[in-house]
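Just so you know, all these numbers are worked out from the coordinates, no wet-lab data involved. Everything numeric in this text was worked out from a predicted model, so none of it was measured. No Cβ is skipped: glycine too gets one built from the backbone with ideal geometry, and neighbour counts run over all protein chains shown.
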């Protein structure tokens, strides 16, 4: 870690925070490197079951690329692995939640997009601003499955922001909450997930991503394969047993 990325644990939930409030949590080299290290640390931590990604302050989740750094380095095409992106160049097998505490522009939208779930404060705004500064947005391809085409086209071509409420209405985020309650709401969701059987949670997440681009028959076959090891696990027997014995399940993740 470095001082621009904060890494904390609350029980079995990890909180990763971008710590550049004065720069609206913009992405510079230290943020990129810190996020990569933090993501790997979370994935390797056997006790951590859910990750929350957020930013310091109440103005910005992340304003995107640090344009001052970009101008100074004259960056053209970003090199491979330039930004650690979950599901692309960083592998994470556990659930992730974006807690969007303000503007999420350009690369900031990408950081919220790559998480499995998203909760936003009432003052949050989302925008794909690259058209305004002459940059590209190949990272936005997953939005084709997340949003209607007309809305995606408007976002890409105008570069104008949408409110958290609008993002909720079009199905991009899971909930909108008062700014003061954002982390509390994200932690509540994270703890609900963390209390469930970890193998089932991980397999459910894998199924959504693996079958998203498949036809029905292929998706059903893939899902059957994904779930086989869950059915055969010790946890699959522990869950029903705990229910009958009226106690909390003791998940072993095996």
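Post the alpha-carbon centroid distance, the stretch 73-132 to the stretch 166-245, in whole angstrom. Distance between centres, Cα-based: 21 Å. Computed extension length for residue 80-residue 179: 32.1 nm, one decimal, from 0.36 nm per residue of separation with the Cα-Cα distance subtracted. DSSP finds beta bridges in the stretch 44-170, and of those with both partners inside it, around 15 percent are antiparallel.
In the chain, the DSSP-assigned H stretches of four residues or longer account for a calculated mean residue ellipticity at 222 nm of -12500 deg cm²/dmol, using -39500 (n - 2.57) per stretch and the full residue count as denominator.
Convex hull of alpha carbon positions in the stretch 198-244: directionally averaged projected area 3.5 nm².
By the beta-carbon count within 10 Å of each Cβ, the least crowded to most crowded order of 24, 205, fewest first, is 205, 24.
Taken over the alpha carbons of the stretch 1-70 as equal point scatterers, the Debye sum produces base-10 log I(q)/I(0) values at 0.15, 0.20, 0.24 Å⁻¹ of -0.46, -0.76, -1.01. Ordering 207, 114, 65 by the number of other Cβ atoms within 10 Å of each residue's own Cβ, fewest first, gives 207, 114, 65. Calculated FRET efficiency, residue 191 and residue 68, Cβ-Cβ r, R0 30 Å, to nearest 0.05? Calculated value: 0.20. Pair-distance distribution P(r) for the stretch 5-194, from all Cα-Cα distances in 5 Å bins starting at 0: 1, 8, 17, 22, 22, 17, 9, 3, 1 percent. Counting other Cβ atoms within 10 Å as a rough exposure proxy, the listed residues 170, 27 run 170, 27 from fewest neighbours to most. For the stretch 152-254, the calculated P(r) over all alpha carbon pairs, in 5 Å bins from 0 to the bin holding the longest distance, is 2, 10, 13, 13, 14, 15, 14, 10, 5, 2, 1, 0 percent. Each of the peptides 179-185, 130-136 was scored by the mean count of other Cβ atoms within 10 Å over its residues; in descending order, highest first, they stand as 179-185, 130-136. A simple spin-label model places the labels of residue 234 and residue 93 1.7 nm from each other, with each point 7 Å out along Cα-to-Cβ. Principal axis analysis of the Cα atoms in the stretch 85-168 yields extents of 35, 28, 23 Å, listed in decreasing size.
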